[in-house]
Amino acid sequence: MRNAFTRTFVYRNPSVLWFLAALGLFTLGVTVLSEGFGIGVISTSFVKTLGKTLCLCLIAIAMDVVWGYCGILSLGHFAFFGIGGYAIGMWLMYARTEGIVVTSLAAQSIPPTPQEISDAIGNQIFGVVGSSEFPLIWAFADSLALQLAMVVLVPGLLALVFGWLAFRSRVTGVYLSILTQAMTLALSLYLFQNDSGLRGNNGLSGLQNIPGFDDVPQSTISIVFFLGSALALALGYALFAWVVSGKMGSVVKAIRDDEARVRFLGYHVESYKLFIFTLTAVVSGIAGALYYPQAGIINPAEIAPIASIYLAVWVAIGGRGRLYGAVIGAAFVSLLSSWFTGGGAPDIDLGIYVIRWTDWWLVLLGFSFVAVTLFFPKGIGGLFDYLVRKQ
Amino acid sequence: MTLLEVSGVSVSFDGFRAINNLSIQIGEPELRAVIGPNGAGKTTFMDIITGKTRPDEGRVLWGEKNISLLGLSESQIAMEGIGRKFQKPTVFEDQTVRENLAMSLKNPRGPLAVLLHRKTAEGAARIEEIAEEIGLTEHLARRAGVLSHGQKQWLEIGMLLAQDPRLLLVDEPAAGMTTAEREHTTDLLRRAAQTRAVVVVEHDMEFVRRLDCKVTVLHEGSVLAEGSLDHVTSDQTVIDVYLGRKDA
Ligand SMILES: Nc1ncnc2c1ncn2[C@@H]1O[C@H](COP(=O)(O)OP(=O)(O)O)[C@@H](O)[C@H]1O
Ligand SMILES: [Mg+2]
């Protein structure tokens, strides 16, 4: 028994256990303090903020694996996050609109035909972009199972095709970063168009209402999503910790440090990059699918190139090449960001000029990024290493 | 038998002929030293065999079936059984000596096999054996980055041995080594060459003398002379272009 445990992955990686324990305690604490399941100290909207933060932590560890461990500075992973959000958003919007339409048509004396119902749903959803036809990509929107499959398949396939083309041509370094930026820019520009089939710049909205659970209050739904996000983060963390440990981790880090040398050892570097790129894209898609029902709305601005750059900034500030660093970076910076931009931070009156944090937060973030890059290349997570080594 | 046959190979960089109609044959087992002045094309010769540089013309044939290496990628050539040590020691400094060796061990190289790989007793024993051979037993758990220059050279030779290749290409292994380290290195290479082909590029004549093997002299991208060390060092053209220049 004892022997069996000592051979398990977690035993050999106690930091994973520590992280899971900390996450478990945090989750329990928030649940007990929440309005939905506890004593109501933490507001529902703050529970949603925390749940969204967990999703951002999940995409941050994906970013850390692809960049910090494998050395691919992808500046396009938020595109996968957004695709995951759109995929689940389509079902949420369709099913909810269908419910509303069916109820209102049921009041008529003549029962509505399926065509009438479909037209009415189309009108409701696509009226804002002057259309009522269902575009082809909505073909499976009525099926939760299929849309959930798309959360995984669409980011995975996009990453597979994009990565195959890029890695096969041995595009690396800054050129690859630019290429990934172009990918996310192209996707966001496409989605901004009214005839994209995804409601243009209106995006998808009302996603916080879960079809079939109309009577359940948001205070409860928020906790369910919060717990779901925590579970996803825990699983993602364990998965990635496993991937970057052992021999796979060795090869992946070796590719980061000297990919040409790895080729001469007989490893097909491109397959490894493709594997890591695609796996992290899939996890990013899942993170997005959990995030947007808590945000309530998704629109093309979410996957603007800058979002993916922020992601890299979080990971850099948190500390590349250590998963907990990415979690710290994403949680710390994104929460601080909503505090500053949400008017939480008091403005500073200098007499001749008032520093409004809503405007100046980005400048502060920029300076912090430069300072971390120059003076603390290991980020906040590096502090842990320092403290552990001092003991 | 002939393991590697390079014939009529030429390569130019921006019009400059670095390798010029070069032909060399390597047997199995064999220990071969390649010498020549700086810029003679010794490293480029290894680049061509390992797929890093594509020649403009010529053939590179390998093994019993005489397959051409020119159509293969770097990783495929490595999997064919050709290992290489670079002129500048390149080990993975962030990882331990053991991890460096484990990564090089002859095992399946696909992502799935590597992901599901479990440490085996044979693998661990093989790592111990190689560490013993390269004198790094005490250092297995240390980061490769903290090793001395000579130890990094040995680690890289150890990584080569771990791959268990049929042909080892070793580019200037003794650079930056003390006399004692050099002697250890020659012993290592000679032992390795008992069962396989080893090609060593080296500048240092004393080192080459200790290797005690057939010598090929490269000059301006082609073979100038070939034979025992005494034979080539008494060759007048070799004295003129190489030894003569060195003395001057
Ligand atoms: N990638 C390259 N681009 C341009 N010139 C090169 C390249 N590689 C080698 N050379 C040139 O080819 C010649 C042979 O180089 P090299 O094989 O490194 O010599 P050696 O290893 O014998 O000292 C040198 O003149 C070098 O400058
Ligand atoms: Mg050289």
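Read-outs throughout are calculated quantities, based only on the coordinates presented, and are distinct from any laboratory measurement. Model, not experiment: these values are computed from the prediction. Neighbour counts run over all protein chains shown; Cβ positions are idealised from the backbone, glycine included.
Worth a mention:
- Average projected area [Cα convex hull, segment A:320-391], square nanometres: 6.1 nm²
- Per-peptide packing, taken as the mean over residues of other Cβ atoms within 10 Å, places B:210-223, B:109-122, A:271-284 in the sequence A:271-284, B:210-223, B:109-122 from highest down.
- For chain B, the equivalent ellipsoid derived from the alpha-carbon gyration tensor has semi-axes of 31, 22, 16 Å in decreasing order.
- All C-alpha to C-alpha distances of segment A:61-171, sorted into 5 Å bins beginning at zero, yield P(r) values of 2, 10, 16, 17, 14, 11, 9, 7, 6, 4, 2, 1, 1, 0 percent in whole numbers.
- Three semi-axes of the equivalent ellipsoid, the protein assembly as shown, Cα gyration tensor, whole Å, largest first: 59, 28, 23
- Cα gyration tensor shape for segment B:43-107, rounded if a/c is under 1.5, else prolate or oblate: oblate
- Counting, for every residue in A:254-263, the Cβ atoms of other protein chains within 10 Å of its Cβ and taking the mean gives 5.
- Sorted largest first, the principal axis extents computed over the alpha-carbon atoms of segment B:135-219 equal 40, 27, 21 Å.
- Per-residue mean of foreign Cβ neighbours for A:206-213 is 0 (Cβ atoms of other chains, 10 Å radius).
- Label-to-label distance, nm, for residues given as A:LEU17 and A:GLN115 (7 Å Cα→Cβ offset): 6.6 nm
- Sequence ranges A:172-178, A:310-316, ranked by mean other-Cβ count within 10 angstrom, highest first: A:310-316, A:172-178
- DSSP H segments from chain A that extend 30 Å or more along their own axis, Cα-based, with Kyte-Doolittle mean of 0.5 or above: A:77-106, A:144-168, A:218-243, A:269-295
- Rounded to 5, percent antiparallel among DSSP beta bridges of the protein assembly as shown: 55 percent
- Computed [θ] at 222 nm, deg cm²/dmol, chain B (DSSP H ≥ 4; -39,500 (n - 2.57); rounded to nearest 500): -10000 deg cm²/dmol
- The antiparallel fraction among DSSP beta bridges confined to segment B:2-243 stands at about 55%.
- Protection proxy ranking of B:72-78, B:234-240 - average other beta-carbon atoms within 10 Å, highest first: B:72-78, B:234-240
- The Cβ shell under 15 Å around B:LEU140 holds other residues with a net charge of 0, Lys and Arg each +1, Asp and Glu each -1.
- Rounded to whole Hz, the Karplus (6.51, -1.76, 1.60) HN-Hα couplings of segment B:68-75, x for glycine and proline: 7, 7, 5, x, 9, 7, 4, 6
- Counting only other chain Cβ atoms within 10 Å of each residue's Cβ, the peptide B:70-79 averages 4.
- Fraction of alpha-carbon pairs over 16 Å apart in segment A:108-217 - percent: 73 percent
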